[in-house]
Amino acid sequence: MRSAFVVLSFLALFIIAESRVVLPLRHHSSKNVRSKPSKLTSPQSVIDYFDDFYSVSIMLGTPPQKLIVRLDTSSSNLWIMDKNSCTAQQCLGFPSLTSNFNRTLFNSTASNTYTLKNTNFTTPDALCLTGVLGNDKLMISGFGAISQDFGLCSVVDKYMGLHPFDGFLGLAWPALAIDGAIPIVQNQIAAGHFDQPVFSLYYGTSGVMLSNDGQITWGGIDTTNCDSNIQYVPLSSKTYWQFTFNSFTFGSFSINKSQQVISSSGDAVFVVPSNVLSTIVTILNATHEVFDDDGQWALPCNMSSTFPDLVYTINGQVYRIKGSDYIEPEDNHNTCALRIEDGGMGGFGPQWVLGVQFIRNYCHHYDVGNARIGFSKPLH
């Protein structure tokens, strides 16, 4: 009996000892299993190019390749110039000129996760004239990799050679996306990466080339650079970031009828209908002159303080743009080009566009989840 008791005691101790080993291991294993990725709000610095347009860096491929892309809320695709086949001077940044920006471009053959999806890709704005649709791993500031469709362009317009970026990052809605590619913001939201289904834009005014002067806040509201008092307006169409404004005033001229307008971080101008532009030119007494940057009207820079404000009423709130914000100095800094253009020449979308000048004056908060856009004053 004693020997049987000893055996039973030994077995009991063995079982207890085994349970003490097994239980911590099981607890440790379950602790490291995550069913969902962490959700983040991630601010990213924006590269300012003479206050005309604003870009960010992304990482594409495996191993990751760093690329610079222009932020564009009036298109929906990511597209990049192809290092292997985009070999014309505009692809290289016109190296013989001072605008050589030492581009990177995307090398698909150097990525072991790149796949070809479609052999035909072009953009409606005719900047990417020939390309293909591909897919690869994409990372933007603070977030893990996602599988992203994007255009890879071999023939581009000469415009691309004059600016220091490798392509465009479309931030509009899926309805505008070419070949059914899911836009980056919606892709990040679907992956569960964003803390909130929103992003914010704050643009600085350094006025110099390639300075870090601005911020895009992915997955949340920018409370560092922007006032928390945000005035929202619902979207009238989930294509562009399109909404209704109530009235427009310029000096003695006014329109008191609701109009459709889009917010475009990809345009360095205001766009208005033909008849409105004619009236503005007359009030300003602008002279016709064609500039290298496609400007059509000249004004004396030192008179900007006397120019009327552009006044938009949006959802009952008044937004003013002063004269110095809708003109741009040319080479001699005595003559300024009017940065208001004609939207009545046909094409897609509304004839009214609020470009980067409006974003510089008012932070923009793009609320994907509630299909609305908000504006607030910058804090500095």
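At a glance:
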read-out: Subset of the range 51-73 that is of a type outside the set (Val, Ile, Thr) and not in a strand (DSSP E or B) - its residue that is least open to solvent (accessible area, probe 1.4 Å); value: Gly61
read-out: Strands (runs of 3 or more DSSP E) contained entirely in the range 290-380, each with at least 2 residues that are closer than 30 Å to Gly161 by Cα; value: 297-300, 327-329, 335-338, 340-342, 352-354, 363-367
read-out: Residue match in the range 256-265 (condition: under 27 Å from Val46 (Cα atoms), part of a strand (DSSP E or B) and of a type outside the set (Ser, Thr, Tyr)); value: yes
read-out: Per-region count, the range 112-144, residues more than 18 Å from the chain's Cα centre (by Cα) and assigned to a loop (DSSP other than H, G, I, E, B); value: 9
read-out: Matching entry among Arg339, Arg320, Arg372 (being basic (Lys, Arg) and touching a helix residue (DSSP H, G or I) at 6+ places or on another chain (Cβ under 7 Å)); value: Arg339
read-out: Ser85 being at pLDDT 95 or above, of a type in the set (Gly, Ala, Ser) and assigned to a loop (DSSP other than H, G, I, E, B); value: yes
read-out: Any chance Thr205 is in contact with a Phe, Trp or Tyr (Cβ under 9 Å, 6 or more places away or on another chain) and outside any strand (DSSP E or B); value: no
read-out: Subset of the range 157-191 [in contact (Cβ under 8 Å) with a residue 60 or more places away in the chain, in a helix (DSSP H, G or I) and open to solvent by less than 20 Å² (accessible area, probe 1.4 Å)]; value: Met160, Gly161, Ile184, Val185
read-out: Total residues in the range 330-348, condition exposed (fewer than 14 other Cβ atoms within 10 Å of the Cβ) and on the phi < 0 side of the Ramachandran plot; value: 5
read-out: Any hit, the range 251-263, residues being surrounded by fewer than 19 Cβ atoms within 10 Å (Cβ to Cβ), closer than 26 Å to Ser141 by Cβ and of a type outside the set (A, V, I, L, M, F, W, C); value: no
read-out: Residue check, Ser76 assigned to a loop (DSSP other than H, G, I, E, B) and crowded, with 23+ Cβ neighbours inside 10 Å; value: yes
read-out: Selection count, the range 215-233, where residues are over 14 Å from the mean Cα position of the chain (by Cα) and in contact (Cβ under 8 Å) with a residue 12 or more places away in the chain; value: 13
read-out: Per-region count, the range 160-198, residues of a type in the set (Phe, Trp, Tyr) and under 20 Å from Val132 (Cα atoms); value: 2
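Results for (1) over 28 Å from Val269 (Cα atoms); (2) of a type in the set (A, V, I, L, M, F, W, C), shown as yes or no for each residue.
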| site | (1), (2) |
| --- | --- |
| Asp52 | no, no |
| Ser55 | no, no |
| Leu60 | yes, yes |
| Ile68 | no, yes |
| Met81 | no, yes |
| Gln89 | no, no |
| Gly144 | yes, no |
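The values are calculated or read from the model by the stated rules, or taken from the named source; none is laboratory data. In this text, all values refer to a predicted model and were calculated from it rather than measured experimentally. We place every Cβ from the backbone using ideal geometry, glycine too, and count neighbours over all the protein chains shown. In case anyone asks, the SASA skips ligands and DNA or RNA and just uses the protein heavy atoms, side chains included. Shrake-Rupley method; radii C 1.70, N 1.55, O 1.52, S 1.80 Å.
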